[in-house]
Each structure stands twice: as structure tokens, then as C-alpha cells.
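Undergrad: Before anything else, here's the structure in question.
The values are calculated or read from the model by the stated rules, or taken from the named source; none is laboratory data. Since this is a predicted model, take the numbers as computed values, not measurements. Cβ coordinates were reconstructed from backbone atoms using ideal geometry, including for glycine residues, and neighbour counts include every protein chain displayed.
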Amino acid sequence: NNNDQDNGLFSRQTFMILSVGIMIGYLLLPVLMVQDLGVQDRIPQLKMEGVVAKQQKYYYVDPYDYSKARSKKTSSTGADETITTMPYTEVTGQFRQQQLSAGSSHQHEKEAAKLDPQQTFSSSTTFDISSFFKDLFPTLNDVEKRLVENTGMLSMESLPTATTPFVMKTTKLPDHARLKILVTGGAGFVGSHLVDKLMMEGHEVIVLDNFFTGQKQNIAHWLHHPRFSLVVHDVTEPIHLEVDQIYHLACPASPPHYQYNPVKTIKTSTQGTMNMLGLAKRVRARILLTSTSEIYGDPQVHPQPESYWGNVNTIGPRSCYDEGKRVAETMMYAYRNQNNVDVRVARIFNTFGPRMHPNDGRVVSNFIIQALQNKNLTIYGEGKQTRSFQFVSDLVAGLHSLMNGNYDMPVNLGNPDEYSVADFAKYIKDLTKSDSEIVFLPKSQDDPSQRKPDITTAKKQLNWEPQVKVEDGLRETISYYSRVLDEAGEIIPTGPGAAKPEA
């Protein structure tokens with residue numbers, strides 16, 4: 001009997017121990033999942049925008065006006081309010097102002113604006129027992145979504161496929177052709193336009209940005225899309241993701257920004273590129289580096305072909321950027337040759353368009369902002385130095401073609417039309433009908449005397465060349481900065497060598 005009792009007791013104890021063990025294991029399952037996903041180390045860096053309920057109808061909101069639209073309050077009378085948005089239109093080739101009713105179809109947007117940015121789970125204020133247990137025992141898919149996705153609010157079907165200088169005509173791809181794509185620096189000027197194209201094609205896009213120069217408003221219109229993820233992270237630190245392609249754009253690109261912290265700039269170009277190459281190697285992703293025409297320095301060959309080795313001052317004030325990108329290119333091809341990493345390199349020439357930082361410090365943004373405020377247009381030097389300017393949508397098309405083509409050597413992406421800086425200042429003054437005077441200040445050190453791309457390789461290998469006329473692009477950019485100035489009141493442009501301006 002005693003043996004029977006012992007056996008029974010043993011069985012009950014065993015059962016209880018096993019039951020407790022199973023419960024503990026089940027509770028620990030989300031933690032193990034997080035570790036398996038390789039994101040445990042970056043949980044504190046992930047910025048979620050809250051989970052909002054999906055609605056039947058969604059509207060596209062222009063990124064600049066998005067924050068203003070979301071900040072509107074419902075009137076005390078409860079009447080519907082009007083939200084002004086700026087959707088793209090195929091008719092005019094530029095922004096068309098449209099009034100949208102913000103009744104029940106925008107209620108989810110108003111609610112989303114009230115959410116705590118750090119909120120990661122349910123946005124509901126009422127207790128739901130089923131949601132409670134779903135939060136307690138998430139599936140692997142739930143964990144992944146909570147960590148790296150924003151859900152709700154914007155549907156692809158609401159985005160018009162428009163042919164404009166700002167957004168190229170984009171065909172939505174079939175499901176089997178869609179990829180998971182990482183864009184470092186995706187909240188920046190060029191990166192955000194690239195994200196627009198990739199999202200409109202139907203890809204799943206992860207933006208990685210530390211917001212040193214990137215701005216959240218550039219990608220605000222995607223923040224709650226189920227295929228869009230935002231990870232606040234610095235590329236100088238490793239990260240573990242599963243992706244098919246990597247567009248590596250992360251690095252300050254304007255002189256005031258990259259000269260603000262030269263050591264950090266070099267680390268971003270070198271350590272950041274090494275981290276992205278390591279990721280590409282691990283997951284066998286194709287990686288594209290956005291290099292720069294600055295690797296040619298003050299060129300002694302004109303125009304500059306990809307075969308030109310450059311003329312760079314290795315210790316000058318611009319060298320942190322120039323040399324950093326040259327090393328990054330070297331690393332790309334070292335990884336290709338040694339580890340069979342599939343690489344692409346784009347050497348980008350002067351690019352302009354909406355979403356340029358108001359204090360970018362280069363001639364397009366400076367001249368337009370000065371002209372719109374009827375302030376002096378400042379030229380550093382005699383104005384005889386030449387530049388070529390491409391609109392951002394042309395650059396995005398070139399990056400996309402390079403990434404998805406077979407050519408794996410460096411390619412110049414720029415507009416071969418060349419302007420002297422003085423002539424360009426007069427051009428912008430005329431377009432804005434400004435009363436500004438043109439003044440000349442001392443030339444900045446190592447400022448290139450001429451810059452013009454030879455795009456023979458791009459034409460031959462990518463079937464690419466600029467499509468947007470400089471005048472059309474400038475009109476779009478002037479319109480954009482007019483809205484920025486209406487909001488800001490006044491902007492003082494930043495000159496060469498200045499510290500990083502406030503966002």
C-alpha cells in the first residue's frame with residue numbers, strides 16, 4: 001500500500017512538475033522567439049507608432065502636411081473637419097490641393113495621433129480578454145510584427161500611380177516578385193523618395209535611420225502601413241535582419257552635416273558599410289552603396305568617367321566624407337572578391353528636390369530659400385565653378401535600375417547638363433521672381449572647380465539617363481520650400497563649414 005501511495009504521490013508530483021515546467025516554458029516562449037529573431041539587442045531602439053484599427057477607406061497624405069493633418073482637433077460641435085492634403089496628380093505634373101472630409105473615415109487617424117509613441121501593443125482603452133491572452137501568448141509572427149512593424153492606417157490602393165517629376169509611374173508588382181528590402185538612411189532626402197517607389201511597387205520595406213539628418217516627416221505617410229517598418233538604429237552598430245536587398249544610403253551628405261562630426265562621418269562610411277556588408281554576407285542579400293562624385297575630389301579630368309581615380313585632399317575639411325566613401329567602395333569590392341557578396345555602387349552627383357533639408361548648405365537649397373525670402377543669394381567664390389543638377393526622381397530611377405540589373409561595377413548617376421554657380425543663382429532668382437541681390441563671399445577650401453558626370457556607362461548598362469528638366473524640378477522644389485517657409489516663418493541658410501543646423 002505504501003508503495004502504491006508512493007507511486008501515486010510520485011505520479012502526482014511528476015504531473016505537477018511537468019505542468020509547471022510547460023507553463024513556464026510557454027511563458028518564456030516570446031523571449032526565446034525574440035532571441036531567435038536576432039532583435040533582442042535592439043528592442044529599446046525600436047520606435048513604434050501604436051497599433052490602430054484598419055478602416056475601409058484610406059487617404060494619402062503628403063509627408064510635409066501629414067503632421068499638420070494629424071494634429072487637427074475635432075471641433076467642439078462634433079462637425080466634420082476638413083483636412084488639407086497634397087496628393088500627387090497625373091494631370092498637372094505637380095501637387096494638386098484637395099479637400100478631404102475627415103469624418104468617420106479619418107477617425108482612426110485622429111485616434112492614432114493621440115497614441116503614446118512608445119506604445120507597442122493594443123491601442124484599445126477597453127479590456128479585451130482575447131487580446132489579453134493574445135498578448136500573453138503571442139505567435140512568432142505576432143512577435144516579429146510587434147518588434148519591427150507599424151500596422152494599419154494606409155493602404156496601397158489609396159496611393160495614385162502618378163507620372164510626375166516627384167513620383168515616377170510605378171507598377172505594383174505581383175506577389176511573387178515582391179521582396180523584403182532594407183533602406184539605411186531611409187528617412188533622409190533621397191532615401192525617403194526611394195522608399196516611396198519601393199512601397200508603391202508592393203515590397204516590404206524596413207527603414208533604418210538614426211535621424212541625425214533624416215526627418216520623420218519624410219516617411220510619416222508610411223508609418224502605419226503593414227508592409228513598412230521603422231527601426232531607429234545607427235549603422236555603426238551591428239543589426240540582425242532577414243532581407244533580400246540592402247540599399248545602403250546612411251551617411252550625412254552635405255558639408256555642414258558631415259563636417260559637424262568628421263570622426264562620426266568616417267565611422268558611418270567605414271564601420272557602417274562593414275556592418276551592412278556583414279549582414280549582406282550572412283543573409284545573401286544584394287547590397288547597393290550610394291557613393292558620391294566627391295570621390296573625384298577637384299577633378300583634373302572633365303567630364304568625370306568611372307575610370308578616373310580622382311584628385312582628393314586626404315586631410316582637408318571635406319576629406320572625412322570623400323575618403324570615407326572611397327574606403328567604402330574598396331570594402332564593397334573586397335567583400336565581393338573574397339566572400340562573393342553581390343554588390344552595386346552608385347556614384348551620385350548633385351541631386352535636388354522636395355524634402356531636402358532646409359539647411360542642407362548646398363547651392364540649390366540655399367539659393368531657393370534666400371530668393372523666396374528676398375535675401376542676398378550668397379556665392380562662395382567667383383561663381384565660375386560648375387555643377388550639374390539632377391532631380392531626385394531621376395536618381396531614384398537610376399538606383400532602382402542599378403540594384404535590379406546585372407552590372408556590378410561603379411556607375412555615375414547625374415545630369416550632364418552643366419551650369420556655373422553664378423548662372424544658376426540668376427536662374428533661381430528669375431524663377432522665384434525675387435528681389436534678392438547676388439553677393440560673393442570667399443571660396444571654401446577644397447571646393448571643386450568643376451563637376452560633370454560622364455554617364456556613358458549608365459546609358460549603356462542601365463538604359464538610364466535623366467528625364468526631368470532642371471526647370472521643372474526647380475519649380476517643384478520652389479513650391480516645396482514655399483510651404484516649408486509658410487510653416488517655419490524664416491530660415492537662415494547654412495554656409496560651408498557651419499555646424500550641423502537644427503532640424
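Undergrad: Could you tell me which numbered condition residue 389 fails, if it satisfies all but one of (1) at pLDDT 95 or above; (2) in contact with a Lys or Arg (Cβ under 8 Å, 6 or more places away or on another chain)?
TA: Status for residue 389: all satisfied but (2).
Undergrad: When the residues of segment 199-227 are narrowed to those that are among the hydrophobic types (A, V, I, L, M, F, W, C), without any contact (Cβ under 8 Å) to a residue 60 or more places away in the chain and crowded, with 22+ Cβ neighbours inside 10 Å, which ends up nearest to residue 391 (Cα to Cα)?
TA: It comes out as 199.
Undergrad: Residues in segment 414-448 that are aliphatic (A, V, I, L, M), surrounded by 14 or more Cβ atoms within 10 Å (Cβ to Cβ) and within 19 Å of residue 255 (Cβ to Cβ): how many?
TA: So the answer is 2.
Undergrad: When you scan segment 322-341, do you find a residue that is over 24 Å from residue 184 (Cβ atoms) and either in contact with a Phe, Trp or Tyr (Cβ under 9 Å, 6 or more places away or on another chain) or in contact (Cβ under 8 Å) with a residue 12 or more places away in the chain (or both), even just one?
TA: no
Undergrad: Please go through segment 285-318 and pick out each residue that is more than 17 Å from residue 409 (Cα to Cα) and without any contact (Cβ under 8 Å) to a residue 24 or more places away in the chain.
TA: Once the filter is applied, which keeps residues that are more than 17 Å from residue 409 (Cα to Cα) and without any contact (Cβ under 8 Å) to a residue 24 or more places away in the chain, segment 285-318 yields 300, 301, 311, 312, 314, 315.
Undergrad: Those residues that are over 28 Å from the mean Cα position of the chain (by Cα) and of a type in the set (Phe, Trp, Tyr), I need them from segment 407-423; list them, please.
TA: 419
Undergrad: Conditions: (1) touching an Asp or Glu at 6+ places or on another chain (Cβ under 6 Å); (2) touching a residue at least 60 places away in the same chain (Cβ under 8 Å). Residue 459 meets all but one. Number of the miss?
TA: (2)
Undergrad: Take the residues in segment 163-183 that are β-branched (Val, Ile, Thr) and modelled with pLDDT under 55, then tell me which one is nearest to residue 228 (Cα to Cα).
TA: The qualifying residue nearest to residue 228 (Cα to Cα) is 167.
Undergrad: Of everything in segment 454-468 that's closer than 24 Å to residue 298 by Cα and assigned to a helix (DSSP H, G or I), which residue is farthest from the chain's Cα centre (by Cα)?
TA: 456
Undergrad: I've got another one for you. Looking at this structure, is residue 273 modelled with pLDDT of 90 or more, assigned to a strand (DSSP E or B) and under 25 Å from the mean Cα position of the chain (by Cα)?
TA: In short, no.
Undergrad: Residues in segment 337-346: is at least one surrounded by fewer than 23 Cβ atoms within 10 Å (Cβ to Cβ) and among the basic types (Lys, Arg)?
TA: no
Undergrad: In addition: Taking segment 308-330 on its own, how many of its residues are among the charged types (D, E, K, R) and assigned to a loop (DSSP other than H, G, I, E, B)?
TA: Residues meeting the conditions: 1.
Undergrad: Looking at 374, 366, 404, 412, which is the one that is farther than 26 Å from residue 317 by Cα and in contact with an Asp or Glu (Cβ under 9 Å, 6 or more places away or on another chain)?
TA: 374 is the lone residue from the list that is farther than 26 Å from residue 317 by Cα and in contact with an Asp or Glu (Cβ under 9 Å, 6 or more places away or on another chain).
Undergrad: If I ask for residues that are hydroxyl-bearing (Ser, Thr, Tyr) and either more than 30 Å from residue 182 (Cβ to Cβ) or buried (at least 16 other Cβ atoms within 10 Å of the Cβ) (or both), which ones from segment 387-413 would you list?
TA: If the condition is that a residue be hydroxyl-bearing (Ser, Thr, Tyr) and either more than 30 Å from residue 182 (Cβ to Cβ) or buried (at least 16 other Cβ atoms within 10 Å of the Cβ) (or both), then 388, 393, 401 are the ones that fit.
Undergrad: Something else now. Please pick out the residue among 214, 191 that is out of contact with any His (no Cβ under 7 Å at 6 or more places or on another chain) and assigned to a loop (DSSP other than H, G, I, E, B).
TA: 214
Undergrad: Here are the criteria: (1) buried (at least 20 other Cβ atoms within 10 Å of the Cβ); (2) touching a Gly at 6+ places or on another chain (Cβ under 9 Å); (3) not in a loop (DSSP other than H, G, I, E, B). Tell me which single one residue 370 does not satisfy.
TA: Failing condition for residue 370: (2).
Undergrad: Please tell me if residue 451 is buried (at least 20 other Cβ atoms within 10 Å of the Cβ) and either at negative phi or not in a loop (DSSP other than H, G, I, E, B) (or both).
TA: The answer is yes for residue 451.
Undergrad: Would you point out the residue of segment 233-248, among those that are more than 25 Å from residue 361 (Cα to Cα) and of a type in the set (A, V, I, L, M, F, W, C), that is surrounded by the most Cβ atoms within 10 Å (Cβ to Cβ)?
TA: Here the residue is 246.
Undergrad: So which residues in segment 338-386 are among the charged types (D, E, K, R) and over 20 Å from residue 434 (Cα atoms), if there are any at all?
TA: 342, 344, 347, 355, 360, 382, 384 - these are the residues of segment 338-386 that are among the charged types (D, E, K, R) and over 20 Å from residue 434 (Cα atoms).
Here's the yes/no breakdown for (1) under 20 Å from residue 407 (Cβ atoms); (2) crowded, with 20+ Cβ neighbours inside 10 Å; (3) touching an Asp or Glu at 6+ places or on another chain (Cβ under 6 Å):
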| residue | (1), (2), (3) |
| --- | --- |
| 265 | no, yes, no |
| 268 | no, yes, no |
| 272 | no, yes, no |
| 280 | yes, yes, no |
| 284 | yes, no, no |
| 289 | yes, yes, no |
| 292 | yes, yes, no |
| 298 | no, no, no |
| 301 | no, no, no |
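Undergrad: Filter segment 331-358 for residues that are over 14 Å from residue 281 (Cβ atoms) and assigned to a loop (DSSP other than H, G, I, E, B) and give the result.
TA: 349, 350, 353, 354, 355, 356, 357, 358
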